[in-house]
Amino acid sequence: MLEGFVPWPEEFKQRYYARGYWEGRSMAAVFAEACARHGDRIAVVAGDERITYRQLDERATRLALHLWQLGIRPLQTVVVQLPNVPEFLYLYFALQKIGAIGLMALPPHRYHEISYFVQLTEATGYAVPERLGDDDLTALAARLQAEYPSLRHVLVHGRARQPGHHSLQELLHTEPGVPEAVLREVTIDPEDPAVFLLSGGTTGIPKIIPRTHNDYVYNSRAAGAVNDIRPGDALLVVLPIAHNFPLASPGVQAFLLAGARVVLSTSTRAADALPLIARERVTHLELVPALLVRWINDPLLREHDLSSVRIINTGGQKLQEEVKRRTEALLPHAKVQEVLGMAEGLLNFVRLDDPDEVRYTTVGRPVSPDDEIRIVDDDGADVPPGEIGELWTRGPYTLRGYFRAPEHNARAFTPDGFYKTGDLVRLHPSGNLIVEGRKKDLINRGGEKISAEEVENLILQHEAVLNVACVPMPDPVLGERMCAYVIPRGARAAEATLTLEDLTRFLMERGLAKFKLPERLELVDEFPMSAFGKVSKKDLAARIAAQVAAERAAVQGAQASAP
Ligand code: AMP
Ligand code: DBH
């Protein structure tokens, strides 16, 4: 077994097999079967390209043979950081065919994050596009190779310009030097990790979430079962494909298992996505609230025929009831189905036949009969039904521990294996959950989670900073943005010269993903303290919220009184 992976206890394994949640097959076997069954149907649409199930499987096989030839072996990690292109899927399935583990990095990650993933997993490979935004990722890859000898293989989407780097497209057009028979010799234990996902993180750098063959297939089957997926349906994949939601919840995996189509979009702009929905007769959308709000407020919405859309899943962040109602008024053929999901496992879906009132006001309930949930108070005792408490869960597709993180696991899990989600929820009389807030120290920026501690640790390295506390501030579009409260070193706040620009430059130099940059800096002489002498982030968050509200009111007042 892979060192640092926490398995389910034997009695739970037996139960999950006995009840049929776990199939005891590798992801490769499950998806090869789906590809054989749906052969000439279209599996993937990307731009003008239409890829059949057969082609998807053939290309993944060819790439798998190349990876094998390069020397990538079962249970080795390959960090995958690709946009929503077909090569992502060829590589995703190729890695599964050789039993290697793809670590699903997100497009904004840079040196700070990727170096940690490479180090922790002793990754042997890294797949990147030539460029992402303004950044040359092949240069980042070369730097990491110089620092981490384990990192032997760099796969480039595009041209490979550095010695030893391989172009994915070129590999896909080249006959591999090993026969297909080698893949039949690969032995894969379905209880081993198949994929590494990333948690939004509450402490330090994102934690690595192992998802096994057994649990990740079930994850998609169970989510797909409540998402009304029919063979002729099409899912728009517009969020980063490496994220658990579009990848597997139900995402690409469930749509491919159903013989349906996935339509890849590399752009989130309404001007790009809406015509694509109309052209491909897309039936399902998976969006974060900020994106849905942007689209329904775009004048282009009325210019395209979106009548094919039946289901709009949103998750990552709370979606306001008002937005759900307005969306359905604008798109009368569609139902909004909110998801409370997490890369760690547990998926709650509103059911499509829930009464409207329940659908509009809750985030749904677990998708598996064996998802166990508890709602507990600060002492870990169950709260009476209907009261607010922290959500704890365990089940057939929820992790039992982050990868190689024993100290963190001791805090994030109970001794009997419940994952402490950090979400504050309440049970609605329907049996569905309502999210009321959270206990964890993070900022939820439009569904992207920022660990306050991770950014604070970096800011503390700045010479002009004595102490720092990062807190969420309300934002009308993204829900929250991050504000950094800083106590300056060697100067009173009123005289200090540190600016947000200084701080931004400092953090960018350290290779921090851009979405984690603080967007406001407040200099103070001291922090409010809780009764126990802890910095009261609650008070700081309330202070910045009041300040933002006052500023907004002042702007609106000025506009109203303008002639
Ligand atoms: P992660 O652990 O990074 O995959 O992020 C999962 C977290 O996102 C959950 O624990 C919640 O805090 C948050 N989240 C996901 N969906 C929703 C939702 N529908 N409403 C509120 N918060 C959500
Ligand atoms: O926020 C998430 O991680 C999330 C949201 C919706 C998720 O993992 C999911 C659905 O599967």
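Here are a few things to note about the model shown:
- Unmet criterion (only one of (1) part of a loop (DSSP other than H, G, I, E, B); (2) over 33 Å from the mean Cα position of the chain (by Cα)) for Phe527: (2)
- Every condition in (1) among the acidic types (Asp, Glu); (2) in contact with an Asp or Glu (Cβ under 9 Å, 6 or more places away or on another chain); (3) more than 13 Å from ligand 1 (Cβ to nearest atom) is met by Asp382 except one, and the failing one is (2).
- Restricting the range 442-454 to residues that are surrounded by 21 or more Cβ atoms within 10 Å (Cβ to Cβ) and more than 16 Å from ligand 2 (Cβ to nearest atom), the residue that is nearest to Leu292 (Cα to Cα): Ala452
- Residues of the range 220-233 that are within 16 Å of ligand 1 (Cβ to nearest atom) and in contact with a strand residue (DSSP E or B) (Cβ under 7 Å, 6 or more places away or on another chain): Ala223, Val226, Asn227.
- Complete set of residues in the range 1-37 that are assigned to a loop (DSSP other than H, G, I, E, B), surrounded by 12 or more Cβ atoms within 10 Å (Cβ to Cβ) and of a type in the set (Asp, Glu): Glu23
- Residues of the range 256-277 satisfying the condition of being outside any strand (DSSP E or B) and under 18 Å from the mean Cα position of the chain (by Cα): Ser265, Thr266, Ser267, Thr268
- Residue that is farthest from ligand 1 (Cβ to nearest atom) [pool: residues in the range 303-325 that are in a loop (DSSP other than H, G, I, E, B) and within 17 Å of Leu239 (Cβ to Cβ)]: Val309
- Of the residues making up the range 357-403, those that are in a loop (DSSP other than H, G, I, E, B) and under 26 Å from Gly20 (Cβ atoms) are Val367, Ser368, Pro369, Asp370, Asp371, Gly395, Pro396, Tyr397, Thr398, Leu399, Arg400, Gly401.
- Residue count, the range 293-302 (criterion: part of a helix (DSSP H, G or I), of a type in the set (D, E, K, R) and surrounded by 13 or more Cβ atoms within 10 Å (Cβ to Cβ)): 1
- Residue count for the range 326-347, restricted to those that are near ligand 1 (Cβ under 8 Å from one of its atoms) and either in contact with a helix residue (DSSP H, G or I) (Cβ under 7 Å, 6 or more places away or on another chain) or assigned to a strand (DSSP E or B) (or both): 6
- In the range 338-362, the residues that are at negative phi and acidic (Asp, Glu) form Cβ pairs under 8 Å with partners that are away from ligand 1 (no atom under 14 Å from the Cβ) and part of a loop (DSSP other than H, G, I, E, B), at six or more places apart or across chains, as follows: Asp354/Ser430.
- Only listed residue being modelled with pLDDT under 95, crowded, with 20+ Cβ neighbours inside 10 Å, assigned to a loop (DSSP other than H, G, I, E, B) and out of contact with any Ser or Thr (no Cβ under 6 Å at 6 or more places or on another chain), chosen from Gly204, Gly200: Gly200
- Residue satisfying condition, being exposed (fewer than 14 other Cβ atoms within 10 Å of the Cβ) and farther than 20 Å from Phe93 by Cβ, within set Arg159, Arg184, Arg152: Arg159
The values are calculated or read from the model by the stated rules, or taken from the named source; none is laboratory data. The shown structure was predicted, so the numbers you read here are calculated from the model rather than taken from an experiment. We place every Cβ from the backbone using ideal geometry, glycine too, and count neighbours over all the protein chains shown.
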